[in-house]
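Q: Mind having a look at this structure? Questions to follow.
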Amino acid sequence: MIASNNCLLPPLHVVTDDDLLARSDFPLRARRVLAAGGRRLALHLRGHATPGSQLCGLAADLKAAASAAGAFLFANDRVDVAMVAGLDGVHLGQRSLPPSVARPLLRQGTWVGVSVHDPKEAQAAGADTDYLVVGTVFATASHPGRMGSGPAGVARVRAVVGLPLFATGGVTAERVSEVVAAGAQGVAVLRGIWSRDDPATAVADYLRVL
């Protein structure tokens, strides 16, 4: 069993996509999310088609706001952005650099997370991983055509690793209790936050049940 004593990770991970990053009001909305979440929130800058220069600019723009709020700022997939901007964490997918390669490139204390879909991928993440995001738990528009594994999918991963787990994929505030009961420490959310007119209120709704 892989084990971790890293209990300082925030319970709410708020993820972006390319459409969000392209919006002119994204920096303002992101600052509100960071302020609402404080030390219990990590904002993930994820944009697979967004240029690295734009991601670095957004990271530099939001870093002060995150620090002032006590919140955390992560880069998804882009180890280079996390390095250059000195971010708090980097999140890797199954097609990203492996954690064992990414870890030596990052400053000491940087969190490294990995997305997994089953126990086999979870066990393969290795000792250089601080946390896992398990999905897709419930059907979601972010992954059309993919059936959710349900909370049982989280439980299956929990049975083989001791790392902090975060459930993702259609996890509404109303479903948080189900994934926590299955072994998740928290959740990673996109539409549950950004689809709301006031994403800061959505953050408060999630944190109330986490």
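Laboratory data are not the source of any read-out in this text; all were calculated from the coordinates shown. Since the model is a prediction, treat every value here as computed from it, not as a measurement. Note that each Cβ is placed from the backbone with ideal geometry, even for glycine, and that neighbours are counted across all protein chains shown.
Q: Can we say residue 133 is surrounded by 17 or more Cβ atoms within 10 Å (Cβ to Cβ), touching a residue at least 40 places away in the same chain (Cβ under 8 Å) and not aromatic (Phe, Trp, Tyr)?
A: Values: surrounded by 17 or more Cβ atoms within 10 Å (Cβ to Cβ): yes; touching a residue at least 40 places away in the same chain (Cβ under 8 Å): yes; not aromatic (Phe, Trp, Tyr): yes.
So residue 133 fits the description; yes.
Q: For residues that are of a type in the set (Lys, Arg) and surrounded by 14 or more Cβ atoms within 10 Å (Cβ to Cβ), scanning just region 78-124, find the one that is nearest to the chain's Cα centre (by Cα). If you could, list the steps in order and put the result at the bottom.
A: Going through region 78-124, the residues of a type in the set (Lys, Arg) turn out to be 78, 95, 103, 107, 120.
When the remaining residues are screened for being surrounded by 14 or more Cβ atoms within 10 Å (Cβ to Cβ), the result is 78, 103.
On the way: 78: 13, 103: 17 Å.
Per the criteria, the residue is 78.
Q: Among what's in region 146-191 and is of a type in the set (A, V, I, L, M), touching a residue at least 12 places away in the same chain (Cβ under 8 Å) and assigned to a loop (DSSP other than H, G, I, E, B), pick the residue that is nearest to residue 44 (Cα to Cα). Write out each step before concluding.
A: First pass over region 146-191, keeping only residues of a type in the set (A, V, I, L, M): 147, 152, 154-155, 157, 159-161, 163, 165, 167, 171, 173, 176, 179-182, 184, 187-190.
Restricting the remaining residues to those that are touching a residue at least 12 places away in the same chain (Cβ under 8 Å) gives 152, 154-155, 157, 159-161, 163, 165, 167, 171, 173, 176, 179-182, 184, 187-190.
The next check asks that each one be assigned to a loop (DSSP other than H, G, I, E, B); those that pass are 159-160, 163, 171, 182, 184, 190.
Details: 159: 27, 160: 26, 163: 19, 171: 17, 182: 24, 184: 18, 190: 10 Å.
Once the filter is applied, the top-ranked residue is 190.
This table checks each residue for (1) in a helix (DSSP H, G or I); (2) within 22 Å of residue 122 (Cα to Cα).
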| position | (1), (2) |
| --- | --- |
| 64 | yes, no |
| 68 | yes, no |
| 74 | no, yes |
| 82 | yes, no |
| 87 | no, no |
| 97 | no, yes |
| 103 | yes, yes |
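Q: Identify, from the list 64, 127, 139, 69, the residue that is surrounded by fewer than 23 Cβ atoms within 10 Å (Cβ to Cβ) and touching a helix residue (DSSP H, G or I) at 6+ places or on another chain (Cβ under 6 Å). Even if it seems obvious, please write down each step before you answer.
A: Numbers: 64 fails: touching a helix residue (DSSP H, G or I) at 6+ places or on another chain (Cβ under 6 Å); 127 fails: touching a helix residue (DSSP H, G or I) at 6+ places or on another chain (Cβ under 6 Å); 139 fails: touching a helix residue (DSSP H, G or I) at 6+ places or on another chain (Cβ under 6 Å).
Among 64, 127, 139, 69, only 69 is surrounded by fewer than 23 Cβ atoms within 10 Å (Cβ to Cβ) and touching a helix residue (DSSP H, G or I) at 6+ places or on another chain (Cβ under 6 Å).
Q: Which residues, counting only those in region 23-50, are among the charged types (D, E, K, R), touching a residue at least 12 places away in the same chain (Cβ under 8 Å) and farther than 21 Å from residue 207 by Cα?
A: Here is the first cut: in region 23-50, the ones among the charged types (D, E, K, R) are 23, 25, 29, 31-32, 39-40, 46.
Checking which are touching a residue at least 12 places away in the same chain (Cβ under 8 Å) leaves us with 29, 31-32, 39-40, 46.
Of everything in region 23-50, just one residue is among the charged types (D, E, K, R), touching a residue at least 12 places away in the same chain (Cβ under 8 Å) and farther than 21 Å from residue 207 by Cα, namely 46.
Q: Taking the criterion of being free of Cβ contacts under 8 Å to residues at least 24 places away in the same chain and not charged (D, E, K, R), would at least one residue in region 69-81 satisfy it? Talk me through it step by step, then tell me what you get.
A: Initially, region 69-81 is screened for residues free of Cβ contacts under 8 Å to residues at least 24 places away in the same chain, giving none.
No: zero hits.
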